[in-house]
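Participant: What follows is a single structure, and I will ask about it in a moment.
The values are calculated or read from the model by the stated rules, or taken from the named source; none is laboratory data. From a predicted model like this one, the values you see are computed outputs, not experimental measurements. Cβ placement follows ideal geometry from the backbone for every residue including glycine, while neighbour counts extend to all protein chains displayed. When the accessible area is computed, the model is the full protein with side chains, heavy atoms only, and any ligands, DNA or RNA have been set aside. Shrake-Rupley method; radii C 1.70, N 1.55, O 1.52, S 1.80 Å.
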Amino acid sequence: MDRRTFVAGSLATALPASPLLAQTGKPKMQPPIARRGDHRFTLHGITVEDPYAWLRDKDYPKVDDPEVLAYLKAENAYFEDRMRDASMLTEALFEQMKGRIKEDDSSVPHPDGDWLYWWAFDPNVPGGSQYRNWYRKPRAGGEARIILSEPALAEGKEYFRLGEMQVSPDGKLIAWSADTNGSERFVLKVRDIATGQDLETVAEDSLGSIAWSSDSKSLVWAQASAEWRPTKIWLKKLGAARSALLYEEKEAGYWVQPSLTQDRKHILLSSFTQMTNEIRLLDAADPAKPARLVRPRKENVRYSIDARGDTLFVLTNDEHVNFRIATARLADPGVWTTLVAGSDEVYLTDITAFTSYLAVEERVSGLDNIRLIFPDGTERRVQFPEASYTASLGSNAEADAPELRIGYSSMVTPNTVFDYRVANGELATLKVQEIPSGYDASQYATERLIATGRDGTKVPVSIVYKKGYKKDGSQPLHVYGYGSYGIAMPPAFSSTRLSLLDRGFAYAIAHIRGGDDLGYQWYLDGKLEKRENTFNDFVDATRFLNKQGFGRPGFNSASGGSAGGWLMGAVVNQAPELWGAIVAHVPFVDIVNTMLDETLPLTPGEWPEWGDPRQDEVVLKRLIRLSPYEQTVARAYPPMLITGGLSDPRVTYWEPAKWAARLRAVKTDDNLLLLKINMGAGHGGKSGRYDRLRETAEEYAFILMALDGQAKA
């Protein structure tokens, strides 16, 4: 593998240059200009113009309007034409990224009953397989065999994504589901492991997790409605003509999902929004019996449960914003007694009730911890080798875990699998992610810095760079963020990121409000009327980094996806001068129209996050002010790459398309604006591991081209 560093043009200030921006000599294609319509609406006395509303196919989710398809295809053709100059760079990046992936990579086998289970990529496929095979072998020793082959299932398909794969308790059957177009409607089937044949199709439209009954004769599954919302949970007895309805959620915005307790004695029927939930208990031995409600839903109260014998363990925020842990008797599940009180310093994030101890995942000052609480009341925390890292429980399938499987990494440490040996507290390394083309962690440095926001809030930033990086503003900076739904962005390792670091970049993750990086209040402080904090934190963190010598205005790039795409749209409107390149993946940017349309999959569940503009004039005004689509005005914008997926049910394709169309119509600069719509994929982009790498290579090539000053329309 060629390991030379490829840099173009002015980025030679960071590293030596190589001529990888080809000049094809062909005339440049002109950017497509979308027709401007005259659609508008008035609500609460406020008129909102939506000139590109026509880009939403009236028959959605079917998209066959000739004008809509013609525009999307024209944008894709323009993307291909303008990225052709960077084709050599894209290919070099792709080969470099591919060289860091082990072609025959595999997981560490984990025990479950009489078997060991793992996945692996086929080493006999030239160039490496896009998809993995799933294996097992007897725990006592014996031959390994494939129990499910993703390559076989994906053959001939443009898109393939395995959803659930659960082996029955008797070890004879597999319930598996797959999505073959990116719409996230999963076909659920049951396969006989011995013959490799599918016995029956349980559902054409399942969504999310599934649970086996104890006798391996029935499946509990959730159905995606016509609006792509799981609102019904069904019980399917194998061989029966149809499923029986166990539970139907009637309240708008609530989704339902089944799951199993760690001991697999109880099936949990969860009904939830982001802020509120309730759980019902089913007997896994007889799931047809009526379910028992643990505790009724109460607005803004969340709880999760696990079980050990006759005791339920409850993680809840009913008394403290950072949650507490309580216990309850199985016979009286709604009466909770505190086991671990809530704390301002310790944010409790998850619990698993093993037979011998309770494993608690928690975060202190944004740093992951794993605590074990034993039945006698003693406690122990797992000690990790670095000062800044991310860690979480891995594959622990059995009721007890004398060796607790843990996943670990840091900004400079590749993904690592540990077994924590509970008896003696030893942390045993089972696997460290291999970088076949070579990786020397000592050549890189990472820091955790604290930026001060405009309102005085201290915002953590994790940053990594190659040693020798000059903190004088002469080298580029890339900043990544999300800041939504209480999802933290951990300081984890990325092998693809090395392609930027080796080209002289520093790469920062801004732990902005809206995520729960610093606790549940950190999440609450980035939603509803506090939503603007998320965007301000990102801008302020970038300006702070520039003052520290990381990058400079115009020599910073930034990226984010989905709700992080809203972030990209908001910060490029707020501070366009900061950015030399913006990448917005499947961006949620048509905020007002989406929040007004209750027929869209996510909208009712989003009202607790962003507000309901149908009912509240204040909310409507706020969303208009913060919506990237509404706030696209005549000004200069940096080079921008926007992506979407035609079958994406989370952020519908017309959001990025409408935003790009409006940007093209009003922006006053000649900087490159590219829109790429995956015509055969959804929210996550392409499905194969190498196809995803190529999309990342395109993103990085765009950033390098933009910061080099060669991204002009």
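Participant: With a probe of 1.4 Å, find how much accessible area the range 145-257 has per residue, and write the answer as a whole number in Å². Show your work: numbers first, answer last.
Facilitator: Numbers: 4950 Å² over 113 residues.
Roughly 44 Å² per residue, with all protein chains present.
Participant: How big is the dipole moment of the range 60-176 about its Cα centre under a simple scheme where the beta carbon of each Lys and Arg is +1, that of each Asp and Glu is -1, and everything else is neutral? Debye, nearest 20, please.
Facilitator: 480
Participant: In whole Å, largest first, what are the principal axis extents of the Cα atoms in the chain?
Facilitator: Answer, in whole Å and largest first: 70, 60, 55 Å.
Participant: To the nearest 0.05, what FRET efficiency results for R689 and S87 with a Förster distance of 25 Å applied to their C-beta separation?
Facilitator: 0.70
Participant: So how far apart, in nm, are the two label points at S437 and K712 if each is 7 Å from Cα heading toward Cβ?
Facilitator: In this crude label model, S437 to K712 measures out at 3.1 nm.
Participant: Would you work out which of G425, S129, Y347 lies farthest towards the positive end of the dipole of the chain, given +1 charges on the beta-carbon of Lys and Arg and -1 on that of Asp and Glu, about the Cα centre?
Facilitator: The one lying farthest along the dipole's positive direction is S129.
Participant: OK, next. Simple spin-label model, 7 Å along Cα-to-Cβ: V321 to S216 in nm?
Facilitator: Reported label-point gap for V321 and S216 is 5.0 nm.
Participant: Now for a different question. Provide the solvent-accessible area of R543, counting protein heavy atoms only and rolling a 1.4 Å probe, rounded to the nearest 10 Å².
Facilitator: Probe radius 1.4 Å; accessible area of R543 about 90 Å².
Participant: Using Cα pairs closer than 8 Å and at least 6 residues apart in sequence, work out the relative contact order for the range 496-549, in percent. Mind showing how you got there, number by number?
Facilitator: On the way: 38 pairs, mean separation 12.4, N = 54.
Reported as a whole number, the value is 23 percent.
Participant: Can you give me the long-range amide H partners of R295? Hydrogens built in the peptide plane at 1.01 Å from N, cutoff under 5 Å, separation of 5 or more residues or another chain.
Facilitator: Placed amide hydrogens put I279 under 5 Å from R295.
Participant: Running Debye on the range 324-370 with equal point scatterers at the Cα sites and no solvent, what base-10 log of I(q)/I(0) appears at q = 0.13, 0.15, 0.19, 0.31 Å⁻¹?
Facilitator: So the normalised log intensities work out to -0.35, -0.45, -0.68, -1.16.
Participant: Could you give the length gained on full extension between S395 and K621, defined as 0.36 nm per residue of separation minus the Cα-Cα distance, in nm?
Facilitator: Gain on extension, S395 to K621, equals 76.8 nm.
Participant: Separation between the R145 and A665 pseudo-spin-labels, each 7 Å from Cα along Cα→Cβ, expressed in nm?
Facilitator: Label-label distance for R145 and A665, simple model: 6.1 nm.
Participant: Could you tell me which of L116, P601, V464 has its Cα farthest along the dipole of the chain towards the positive end, charges placed at Cβ (Lys, Arg +1; Asp, Glu -1), taken about the Cα centre?
Facilitator: V464
Participant: Can you give me the % of accessible surface on the chain that is carbon or sulfur? Probe 1.4 Å, all protein chains present, nothing else counted.
Facilitator: 49
Participant: Let me ask something else about it. Applying a 10 Å radius around every beta-carbon, put 514-520, 635-641, 163-169 in order of their mean neighbour count, most first.
Facilitator: Ranking, from highest mean packing down: 514-520, 635-641, 163-169.
Participant: Tell me, what is the Rg over Rh of the range 481-574, with Rh the Kirkwood radius over Cα pairs?
Facilitator: 0.97
Participant: Within 10 Å, count the other beta carbons around each residue, average over each peptide in 527-539, 477-489, 39-51, 305-317, and list them highest first.
Facilitator: Working: 527-539: 21.7, 477-489: 23.2, 39-51: 12.9, 305-317: 19.8.
Averaged packing, sorted descending, gives the order 477-489, 527-539, 305-317, 39-51.
Participant: What angle, in degrees between 0 and 90 and rounded to the nearest 10, separates the Cα long axis of helix 563-574 from the longest principal axis of the Cα atoms of the chain?
Facilitator: 30
Participant: Can you tell me the orientation of helix 617-626 relative to the chain, as the angle in degrees between its alpha-carbon axis and the longest Cα principal axis, to the nearest 10?
Facilitator: With rounding to tens, the tilt is 60 degrees.
Participant: With all pairs of different alpha carbon atoms counted, what Kirkwood hydrodynamic radius in Å does the range 528-619 show? Display every interim value, and only then the final one.
Facilitator: Working: mean 1/r = 0.0698 Å⁻¹.
For the range 528-619, the Kirkwood estimate is 14.3 Å.
Participant: A further question on this structure: To the nearest 500 deg cm²/dmol, what mean residue ellipticity at 222 nm is calculated for the chain from DSSP H runs of n ≥ 4 alone, each contributing -39,500 (n - 2.57), summed and divided by the residues?
Facilitator: Roughly -5500 deg cm²/dmol at 222 nm, from the helical runs in the chain.
Participant: Taking only protein heavy atoms and a 1.4 Å probe, what accessible area per residue, in Å², does the range 361-445 have with all protein chains in place?
Facilitator: 44
Participant: Counting only DSSP beta bridges with both residues in the range 582-713, tell me the antiparallel percent, nearest 5.
Facilitator: Roughly 20 percent of the DSSP beta bridges within the range 582-713 come out antiparallel.
Participant: May I ask for the angle, rounded to the nearest 10°, between helix 87-98 and the longest principal axis of the chain, with both axes built from Cα atoms and the value confined to 0 to 90°?
Facilitator: 20
Participant: Can you give the charge dipole size of the chain about its Cα centre, rounded to the nearest 20 debye, using +1 on the beta carbon of Lys and Arg and -1 on the beta carbon of Asp and Glu?
Facilitator: Roughly 1040 debye, rounded to the nearest 20.
Participant: Another one. What is the sum of charges around L207, taking Lys and Arg as +1, Asp and Glu as -1, for the other residues whose C-beta is under 9 Å from the C-beta of L207? Intermediate results must be reported in sequence, preceding the final value.
Facilitator: Numbers: positive: R185, R229; negative: E184, D205.
My count for the surroundings of L207 gives 0.
Participant: Would you calculate the convex hull of the Cα atoms in the range 69-166 and tell me its volume per residue in Å³?
Facilitator: 137
Participant: Using the charge dipole of the range 602-713 (Lys, Arg: +1 at Cβ; Asp, Glu: -1 at Cβ; taken about the Cα centre), state which of M679, G645, A713 has its Cα farthest towards the positive end.
Facilitator: Most positive-ward Cα: A713.
Participant: Still on this structure: Give a residue-ordered list of calculated ³J(HN,Hα) values for the range 104-115 (Karplus: 6.51 cos²θ - 1.76 cosθ + 1.60, θ = phi - 60°; whole Hz; x for Gly, Pro).
Facilitator: Per residue, the Karplus-derived 3J(HN,Hα) values read 9, 4, 8, 8, 7, x, 10, x, 7, x, 7, 10 Hz.
Participant: To the nearest 0.05, what FRET efficiency results for F374 and E67 with a Förster distance of 51 Å applied to their C-beta separation?
Facilitator: Numbers: r = 66 Å, r/R0 = 1.29.
Working from the Cβ atoms, E equals 0.20.
Participant: Given R₀ = 22 Å, what would the calculated FRET efficiency be for Y60 paired with D205, taking r from the Cβ atoms and rounding to 0.05?
Facilitator: 0.85
Participant: Within 13 Å, Cβ to Cβ, of G549, how many net charges do the neighbouring residues add up to if Lys/Arg are +1 and Asp/Glu are -1?
Facilitator: Computed value for this residue: +3.
Participant: Please list, in chain and number order, the residues 5+ apart from E319 or on another chain whose amide H is under 5 Å from its amide H, with Hs placed from the backbone.
Facilitator: For E319, the qualifying residues are R324.
Participant: When the Kirkwood radius is taken over all Cα pairs of the range 422-523, what Stokes-Einstein diffusion coefficient follows at 37 °C and 0.692 mPa s, in µm²/s?
Facilitator: Answer, rounded: 209 µm²/s.
Participant: Another question about this same structure. Please report the relative contact order for the range 525-636, taking Cα pairs under 8 Å with a sequence separation of at least 6, and give it as a percent rounded to a whole number.
Facilitator: Values: 148 pairs, mean separation 28.0, N = 112.
Relative CO of the range 525-636 lands at 25 percent.
Participant: Taking a threshold of 25 Å on the Cα-Cα distance, which of the pairs K466/K547; K250/K289; K98/K466; K172/K232; K137/K189; K58/K676 fall above it? Provide the component values of the computation, followed by the final result.
Facilitator: Numbers: K466/K547 19 Å; K250/K289 21 Å; K98/K466 20 Å; K172/K232 27 Å; K137/K189 22 Å; K58/K676 21 Å.
Flagged as over cut-off: K172/K232.
Participant: What number comes out for accessible area per residue over the range 590-707 if the probe is 1.4 Å? Units Å², please.
Facilitator: That works out to 27 Å² per residue.
Participant: Additional query: Restricting to the chain, what percent of DSSP beta bridges are antiparallel, rounded to 5?
Facilitator: Within the chain, antiparallel bridges account for around 85 percent of the total.
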